[in-house]
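Q: Questions regarding the structure given below will be posed in turn.
The values are calculated or read from the model by the stated rules, or taken from the named source; none is laboratory data. Every value quoted in this text rests on a predicted model; they were computed, and no experiment measured them. Using ideal geometry, Cβ is built from the backbone for each residue, glycine included, and neighbour counts are taken over all protein chains shown. Quick note on the areas: whole protein, heavy atoms, side chains included, nothing else; ligands and nucleic acids left out. Shrake-Rupley method; radii C 1.70, N 1.55, O 1.52, S 1.80 Å.
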Number of protein chains: 2
Amino acid sequence: MSGPINPPPRLLMGPGPINADPRVLRAMSAQLVGQYDPWMTASMNETMALYREVFRTANEQTFLVDGTSRAGIEAALVSLLEPGDRVLVPVFGRFGHLLTEIAERCRAEVHTIEVPWGQVFSAEQVEDAVRRVRPKVLAIVQGDTSTTMCQPLADLGEICRRHDVLLYCDATASLGGNEFEADTWGMDVVTAGLQKCLGGPSGSAPITISGRAVDVIDGRKHVEAGLRADGETDAPGERIVSNYLDLAQVMDYWGPRRLNHHTEATTMLYGARECARLLVEEGLDAAIERHALHGRAMLEGVRGLGLEVFGDVAHKMHNVVAVEIPDGVDGDRARSGLLDDFGIEIGTSFGPLHGKVWRIGTMGYNARKDAVLVTLAALEQVLRAYGVPLTAGGGVGAAQEVYAS
Amino acid sequence: MSGPINPPPRLLMGPGPINADPRVLRAMSAQLVGQYDPWMTASMNETMALYREVFRTANEQTFLVDGTSRAGIEAALVSLLEPGDRVLVPVFGRFGHLLTEIAERCRAEVHTIEVPWGQVFSAEQVEDAVRRVRPKVLAIVQGDTSTTMCQPLADLGEICRRHDVLLYCDATASLGGNEFEADTWGMDVVTAGLQKCLGGPSGSAPITISGRAVDVIDGRKHVEAGLRADGETDAPGERIVSNYLDLAQVMDYWGPRRLNHHTEATTMLYGARECARLLVEEGLDAAIERHALHGRAMLEGVRGLGLEVFGDVAHKMHNVVAVEIPDGVDGDRARSGLLDDFGIEIGTSFGPLHGKVWRIGTMGYNARKDAVLVTLAALEQVLRAYGVPLTAGGGVGAAQEVYAS
């Protein structure tokens, strides 16, 4: 029989998941309580309040979807989009394609605009498309790890209000490590995951929903037979095709009615709560500044090694950098060498970038000076073995300069 | 700000979730590794092998759905059922209604048969309905915690084969504590959860899929744009409406292709793996016998207190008993007293049984003599405070007799 779980020591410096903060893992080892225990419902309420701070929102409907970040995305789209609804997806990387794919399965009429990988959209490009498509929902990724780009969002809320469009944002890769203002930016629905800048494991998807999005979703509410209050009738909107990801039901589960839906994934709740506590304790601004600092150190470090960086660096997320693989280096073999000999994981790439760039992350618990420097030191050794021309000590030296300045 | 997680001590003797086995919580505190790390993919393969033992199957496709048990149910139904397909659901409690509700959302043509709560179906009743409805899928719950009943399944596989019907079973509440034979009984898809007899937290849904069900599901496979192999085309069947719960994609993620889908919920995987290891280490037969023993002790214990038991006890699950609330006792207030004064949780009930019965569980880590005896001792004190006529020591005494025999 397989032995007890005993993972090898790894420093996870890819685009996520990264090492969980030990405090999150300790929180997750706490014993369970019943799902309607007053202590449990109080913990759920505390978790809602904490995520309001993380998303920077006053939205009452701020809670967790019990699944990975992808479950959060699908919950948002399947609950907002009725068949035939128009949705506009600006695609600037793999996760834009994912939004498209999920929206298609909702039988929405999906319209996309695209920029080449490594770029982002201007507000004008988005508004032109909104004017042309007249969508019910604009669905956009903030940070797409496939390209490392971080889409500016500050103007999109106003555009959406002007054209009476709901604004959905997938902030999985960026939240906690890059500026994000759900209310100031006029977001209607935002979803995330724990495994990036939040420093936890995958498996819980924080979500926040504006009042007007709540109205849209509740307009489709069909309470389960047997849970219905006397005289309660179905809302007029088309029933949401998923039960598990039906946000109208999930809101009634987290809300004062506490209507039975799924059995809350308590251990993931403990972890999600601790992730938010860590961020709130540090201060959101301080956490974002930390990600900016260590991201800058890694960026200058790989440049100091003589490597080229992919994409529009001015619009890069703080927490990940795409590094062009030097000529003569087999990217996947070099990654394996780094993992096997040094215990450090960096990321490969998808689609058009596969074999061309590595993705190196500095996020969550691993947005730390020692993690940055040890990664640069080991990378130098691996590249040296391939005969790549480089400046000895150039990576660590450049990063140290960032820290010193 | 909210403080660190610090749950009150609770002995969870309801219908689940119950206290997690401390070994499971310890496994879940292990640090993460990358999702394509060779150690991680090996751990995923080990988990698949362990759950083949738990389900008693040789099915290659045996893995975890990243969500609660309800996510597993929906993954099975949405992946099997195309719009317009006929499905037959024998309903003998709340979770039969849930299967119906989820199947309706898949836009299947749903047919039900029902027995009163507290009873199960005969094989003849099911076969008659199969003959009449001619469904593509027979979807049935094994153990419905709402009534405590355990539906006999041994004959259903043969009936389904005879009528060319796929057999899906929700074994969430029963697996690990009651006999279950996926292959011998001719199951096509079976789903479960960790929070009942498996002794873990909610949040991961083990699933097993027979070869013929794999063919049906793969007949609907649409690989995501950008992940498609050269020349790979979509299968002819209608695309599955969920991306997150698309088992065709999830199989490619767990299989040798390791096609990117969700980011595995690593901590839940560690927990699920440890739950299965505990069961396999104890031996499935021994674990079922343990649940039978402690369930019998609890049954005789509540009878020894002078309480009546609800339903067809001959068809009760080993791991939960429904106890009629004595006249003059406010069921919910008595439950609160047990929780507040003794730290013991027992369950309330749904629908037609609400306010009429309590549900008391003896499952997973809490299928133990001390847990049974302390619950009976405390229950006696609570009932005494209500002036319920009872035999002092009658509950613990009757349970001790079961243990002595």
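Q: Based on this model, can you work out whether B:R70 counts as in the same structural domain as B:P206 (by TED's automatic domain parsing) and either open to solvent by less than 20 Å² (accessible area, probe 1.4 Å) or on the phi < 0 side of the Ramachandran plot (or both)? Spell out how you get there, then give the answer.
A: Numbers: in the same structural domain as B:P206 (by TED's automatic domain parsing): yes; either open to solvent by less than 20 Å² (accessible area, probe 1.4 Å) or on the phi < 0 side of the Ramachandran plot (or both): yes.
So B:R70 fits the description; yes.
Q: Looking at A:T57, is it within 23 Å of A:F180 (Cα to Cα), of a type in the set (S, T, Y) and either in contact with a Lys or Arg (Cβ under 6 Å, 6 or more places away or on another chain) or within 10 Å of chain B (Cβ to nearest Cβ) (or both)?
A: On the way: within 23 Å of A:F180 (Cα to Cα): yes; of a type in the set (S, T, Y): yes; either in contact with a Lys or Arg (Cβ under 6 Å, 6 or more places away or on another chain) or within 10 Å of chain B (Cβ to nearest Cβ) (or both): no.
Criteria not met by A:T57.
Q: Please go through region A:31-41 and give me each residue that is open to solvent by 10 Å² or more (accessible area, probe 1.4 Å) and either within 9 Å of chain B (Cβ to nearest Cβ) or in contact with a Ser or Thr (Cβ under 8 Å, 6 or more places away or on another chain) (or both), ordered by number.
A: Taking region A:31-41 and keeping what is open to solvent by 10 Å² or more (accessible area, probe 1.4 Å), we get A:31, A:35-36, A:38-39, A:41.
Within region A:31-41, A:Q31, A:Q35, A:Y36, A:P38, A:W39 meet the criteria.
Q: In region B:1-29, how many residues are within 18 Å of A:R273 (Cα to Cα) and under 26 Å from the mean Cα position of the chain (by Cα)?
A: Residues flagged as within 18 Å of A:R273 (Cα to Cα) and under 26 Å from the mean Cα position of the chain (by Cα) within region B:1-29 amount to 5.
Q: Okay, moving on. Could you please let me know if B:D312 is acidic (D, E) and closer than 25 Å to B:L198 by Cβ?
A: On the way: acidic (D, E): yes; closer than 25 Å to B:L198 by Cβ: no.
In short, no.
Q: So, in region A:1-25, exactly how many residues are more than 8 Å from chain B (Cβ to nearest Cβ), part of a loop (DSSP other than H, G, I, E, B), open to solvent by 10 Å² or more (accessible area, probe 1.4 Å) and within 14 Å of A:Y365 (Cβ to Cβ)?
A: Counting residues in region A:1-25 that are more than 8 Å from chain B (Cβ to nearest Cβ), part of a loop (DSSP other than H, G, I, E, B), open to solvent by 10 Å² or more (accessible area, probe 1.4 Å) and within 14 Å of A:Y365 (Cβ to Cβ) gives 1.
Q: What do you reckon, is A:E124 without any contact (Cβ under 8 Å) to a residue 12 or more places away in the chain and surrounded by fewer than 19 Cβ atoms within 10 Å (Cβ to Cβ)?
A: Numbers: without any contact (Cβ under 8 Å) to a residue 12 or more places away in the chain: yes; surrounded by fewer than 19 Cβ atoms within 10 Å (Cβ to Cβ): yes.
So A:E124 fits the description; yes.
Q: State whether the residues of region B:322-336 include one that is touching a His at 6+ places or on another chain (Cβ under 9 Å) and farther than 28 Å from B:P389 by Cα.
A: No, the conditions are met nowhere in region B:322-336.
Q: From (1) away from chain B (no Cβ under 14 Å); (2) within 24 Å of the chain's Cα centre (by Cα), pick out the condition that doesn't hold for A:D128.
A: Among (1) away from chain B (no Cβ under 14 Å); (2) within 24 Å of the chain's Cα centre (by Cα), the lone unmet condition for A:D128 is (2).
Q: A follow-up question, please. Does region B:47-61 include one or more residues that are buried (at least 18 other Cβ atoms within 10 Å of the Cβ) and without any contact (Cβ under 8 Å) to a residue 40 or more places away in the chain?
A: So far as region B:47-61 goes, no, none of its residues is buried (at least 18 other Cβ atoms within 10 Å of the Cβ) and without any contact (Cβ under 8 Å) to a residue 40 or more places away in the chain.
Q: Is there any pair with a first residue in region A:333-362 that is more than 19 Å from A:G301 (Cβ to Cβ) and a second that is part of a helix (DSSP H, G or I) and not charged (D, E, K, R) whose Cβ atoms are under 7 Å apart and which are 6 or more apart or on different chains, and what are they?
A: Going by the 7 Å Cβ cut-off, the qualifying pairs are A:T348/A:G331; A:G355/A:G331.
Q: Also, quick follow-up: For region B:97-125, which positions are within 14 Å of chain A (Cβ to nearest Cβ) and assigned to a helix (DSSP H, G or I)? Reasoning before the result, please.
A: Restricting attention to region B:97-125, the residues satisfying the condition of being within 14 Å of chain A (Cβ to nearest Cβ) are B:97-108, B:110, B:112, B:114, B:117.
Across region B:97-125, the qualifying residues are B:H97, B:L98, B:L99, B:T100, B:E101, B:I102, B:A103, B:E104, B:R105.
Q: Please work out if A:D128 is out of contact with any His (no Cβ under 8 Å at 6 or more places or on another chain), of a type in the set (D, E), part of a loop (DSSP other than H, G, I, E, B) and not assigned by TED's automatic domain parsing to the domain that holds A:V323. Please lay out each step first, then the result.
A: Numbers: out of contact with any His (no Cβ under 8 Å at 6 or more places or on another chain): yes; of a type in the set (D, E): yes; part of a loop (DSSP other than H, G, I, E, B): no; not assigned by TED's automatic domain parsing to the domain that holds A:V323: yes.
No; evaluated as a whole, the condition is false for this residue.
Q: Of all residues in region B:142-164 being in a loop (DSSP other than H, G, I, E, B) and touching a helix residue (DSSP H, G or I) at 6+ places or on another chain (Cβ under 6 Å), which is farthest from B:A322 (Cα to Cα)? First the steps, then the outcome.
A: Looking only at region B:142-164, we keep the residues that are in a loop (DSSP other than H, G, I, E, B), and these are B:142, B:145-148, B:151-155, B:163-164.
Then keep just the ones that are touching a helix residue (DSSP H, G or I) at 6+ places or on another chain (Cβ under 6 Å); that gives B:146, B:155, B:163.
Details: B:S146: 9, B:D155: 26, B:H163: 35 Å.
Among those that are in a loop (DSSP other than H, G, I, E, B) and touching a helix residue (DSSP H, G or I) at 6+ places or on another chain (Cβ under 6 Å), it is B:H163.
Q: Looking at A:R258, A:R296, A:R273, A:R303 in this structure, which one is touching a helix residue (DSSP H, G or I) at 6+ places or on another chain (Cβ under 8 Å), on the phi > 0 side of the Ramachandran plot and touching a residue at least 24 places away in the same chain (Cβ under 8 Å)? Explain how you work it out, then say what you get.
A: On the way: A:R296 fails: on the phi > 0 side of the Ramachandran plot; A:R273 fails: on the phi > 0 side of the Ramachandran plot; A:R303 fails: on the phi > 0 side of the Ramachandran plot.
The match here is A:R258.
Q: Determine, yes or no, whether B:A108 is under 30 Å from B:M268 (Cα atoms) and buried (at least 19 other Cβ atoms within 10 Å of the Cβ). Let's see the steps before the verdict.
A: On the way: under 30 Å from B:M268 (Cα atoms): no; buried (at least 19 other Cβ atoms within 10 Å of the Cβ): yes.
Criteria not met by B:A108.
Q: Same structure again: Cβ contacts < 7 Å: first residue closer than 17 Å to B:V115 by Cα and in the same structural domain as B:P116 (by TED's automatic domain parsing), restricted to region B:147-158; second residue of a type in the set (K, R) and open to solvent by 10 Å² or more (accessible area, probe 1.4 Å), any location; separation 6+ or different chain. Result?
A: What qualifies is B:T148/B:K316; B:T148/B:R359; B:M149/B:K316; B:C150/B:K316.
Q: Is it the case, given these coordinates, that B:M28 is facing another protein chain (nearest Cβ under 8 Å) and open to solvent by less than 10 Å² (accessible area, probe 1.4 Å)? Walk me through it before giving the result.
A: On the way: facing another protein chain (nearest Cβ under 8 Å): yes; open to solvent by less than 10 Å² (accessible area, probe 1.4 Å): yes.
In short, yes.
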